[in-house]
Amino acid sequence: MIFIFSGPSGVGKSTIIDAIRQKRDFQFSVSYTSRNIREGEYNGEDYNFVTEEEFLRLIDDDFFVEYEKYGRNYYGTSKNAVNNSVGSLILDLEVNGATKLLASNPSFTGIFIDIDDEELIKRLKKRGHDEAFIDERMRLAEYQRSFMDKFDYQIKNKDINTTVNKILDIIYSLEER
Ligand code: 5GP
């Protein structure tokens, strides 16, 4: 089974995915990106970090099942990651790549994770972002929400444990089908 997670940035997607993977043996699709590595990230684990030039070459080589430019950077999922997956696989994608992949693969399950505006603002402030950045992120969140109904499930993340349990329930119910 392949699960595509998406939603506005700052909703806690990575924390949720990590928590799910601690409870269940899910593979995670490690994407390729041209963005710089951040502190605490590992190459090959969080992303495969490549230069923009390398990324563009991979596009030419038809290496990706999907890729997008998000902000100033490229992000893409290799065909390998999807085609050679064993067991269940989780993908964490921005909305454009996520909805395209869902549209062309009806057997994939799309999970959109959202959060209340007030909570999102609180989190962004906590990360030290200024008002202009927060305004921009809120506008982006509205755009991202416009894709929400293209996903099979929409979940509002109010409390991490509740969210993780809701997602695990969805997975169990799909497994029983
Ligand atoms: P970040 O730079 O914060 O790690 O990720 C930015 C955005 O890129 C997130 O919304 C994440 O879901 C998305 N993303 C990560 N990998 C991929 C990918 O392979 N394809 C697409 N379309 N989006 C990705």
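The values are calculated or read from the model by the stated rules, or taken from the named source; none is laboratory data. What you see is a predicted model; the values in this text were computed from it and never measured. All Cβ positions, even for glycine, are placed from backbone atoms using ideal geometry, and neighbour counts span all protein chains on display.
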Within region 25-45, work out how many residues are surrounded by 14 or more Cβ atoms within 10 Å (Cβ to Cβ) and within 25 Å of Asn157 (Cα to Cα). 6
Between residues in region 47-74 that are closer than 24 Å to Ala103 by Cα and residues that are more than 12 Å from the ligand (Cβ to nearest atom) and part of a loop (DSSP other than H, G, I, E, B), which pairs lie under 6 Å by C-beta distance while being six or more apart or on different chains? none
Of the residues that make up region 80-102, is at least one of a type in the set (A, V, I, L, M, F, W, C) and in contact with an Asp or Glu (Cβ under 6 Å, 6 or more places away or on another chain)? yes
Residue pairs qualifying under the 7 Å Cβ cut-off, at least six apart or on distinct chains, with the first in region 76-99 being assigned to a helix (DSSP H, G or I) and the second being more than 12 Å from the ligand (Cβ to nearest atom) and of a type in the set (Gly, Ala, Ser), are Ala98/Gly110
When (1) more than 15 Å from the chain's Cα centre (by Cα); (2) surrounded by 13 or more Cβ atoms within 10 Å (Cβ to Cβ); (3) within 9 Å of the ligand (Cβ to nearest atom) are applied to Ser9, the one that fails is (1)
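So is Ile4 in contact with a strand residue (DSSP E or B) (Cβ under 8 Å, 6 or more places away or on another chain), modelled with pLDDT of 95 or more and farther than 25 Å from Ile111 by Cα or not? Walk me through it before giving the result.
Numbers: in contact with a strand residue (DSSP E or B) (Cβ under 8 Å, 6 or more places away or on another chain): yes; modelled with pLDDT of 95 or more: yes; farther than 25 Å from Ile111 by Cα: no.
Answer is no for this residue.
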Set Ser88, Ser78: member being among the polar types (S, T, N, Q) and more than 10 Å from the ligand (Cβ to nearest atom): Ser88
Among the residues of region 126-145, is there at least one that is part of a loop (DSSP other than H, G, I, E, B), surrounded by 15 or more Cβ atoms within 10 Å (Cβ to Cβ), touching a residue at least 60 places away in the same chain (Cβ under 8 Å) and within 14 Å of the ligand (Cβ to nearest atom)? no
Restricting region 28-54 to residues that are among the polar types (S, T, N, Q) and closer than 23 Å to Asp114 by Cα, which is nearest to the ligand (Cβ to nearest atom)? Ser31
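Filter region 155-177 down to the residues that are among the charged types (D, E, K, R) and at pLDDT below 95, then identify the one that is farthest from Arg24 (Cα to Cα). Working first, answer last.
From region 155-177, those among the charged types (D, E, K, R) are 156, 158-159, 166, 169, 175-177; that's our starting set.
Applying the additional criterion that residues be at pLDDT below 95 yields 158-159, 175-177.
Values: Lys158: 21, Asp159: 19, Glu175: 13, Glu176: 16, Arg177: 18 Å.
Filtering first and then ranking leaves Lys158.
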